[in-house]
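Engineer: Quick one: structure below, then a few questions.
Please treat every number below as a calculation from the coordinates, not as lab data. Just so we're clear, the structure is a prediction, and the values are computed from it rather than from any experiment. Positions of Cβ are backbone-derived with ideal geometry, glycine not excepted, and every protein chain shown enters the neighbour counts.
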Amino acid sequence: GFGFNIVGGTDQQYIANDSSIYVSRIKKDGAAYLDGRLQEGDKILAINGKDLKDLRHKDAVELFKNAGCHVSLKIHRRLQPQNGPVGHRGDEESGGLPLAAILVPGLALAATAVWILLRYRQRI
């Protein structure tokens, strides 16, 4: 396989009123994981130019099984999280500062405090 699972289809809607095919899981160390572009929650619109719209789940699975070794996927990535079964945060990180912006100054401040404490102790 390609290292990911799909859900959805006209007979097994994953999201209410949406019969699209979605990536439900990326298998660690599988082809999709190693490639790094596909994400859980991505909607797969087409495989090798074949539209996945209005397909039953098993028909979509068959298209993947018969896709060959080299596969081209057309996907739609959600920009914002939606209420629904996909626990996926979307393309963008939610607001806030990157972790490094908090840790680096904090570590610098802690190192300075230790240095001051050691210098103070040497003088006593």
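Engineer: Fully extended, how many nm does the chain gain between ALA113 and LYS50 (0.36 nm per residue separation, minus their Cα-Cα distance)? Intermediate results must be reported in sequence, preceding the final value.
Structural biologist: Numbers: separation 63, 0.36 × 63 = 22.68 nm, distance 6.23 nm.
Going from the current span to full extension adds 16.5 nm.
Engineer: Restricted to Cα positions, what overall size does segment 4-76 have along the principal axes? Three whole-Å values, descending.
Structural biologist: That gives 32, 21, 18 Å along the principal axes, largest extent first.
Engineer: Further, regarding this structure: For GLN12, enumerate residues with amide H under 5 Å from its amide H, sequence gap 5+ or separate chain, H modeled in the peptide plane.
Structural biologist: HIS57
Engineer: If I model a spin label at ALA16 and LYS74 as a point 7 Å from the Cα along the Cα→Cβ vector, what separation in nanometres do I get?
Structural biologist: 2.9 nm
Engineer: So, one more: With only alpha-carbon atoms in the gyration tensor, what are the semi-axes of the equivalent ellipsoid for segment 26-68, in Å, largest first? Walk me through the intermediate numbers first.
Structural biologist: Numbers: eigenvalues 81, 28, 20 Å².
Ellipsoid semi-axes (Å, largest first): 20, 12, 10.
Engineer: Next question, about the same structure. Please state the relative contact order of segment 1-46 as a whole percent: Cα pairs under 8 Å, 6+ residues apart? Display every interim value, and only then the final one.
Structural biologist: Numbers: 78 pairs, mean separation 17.1, N = 46.
After rounding, I find 37 percent.
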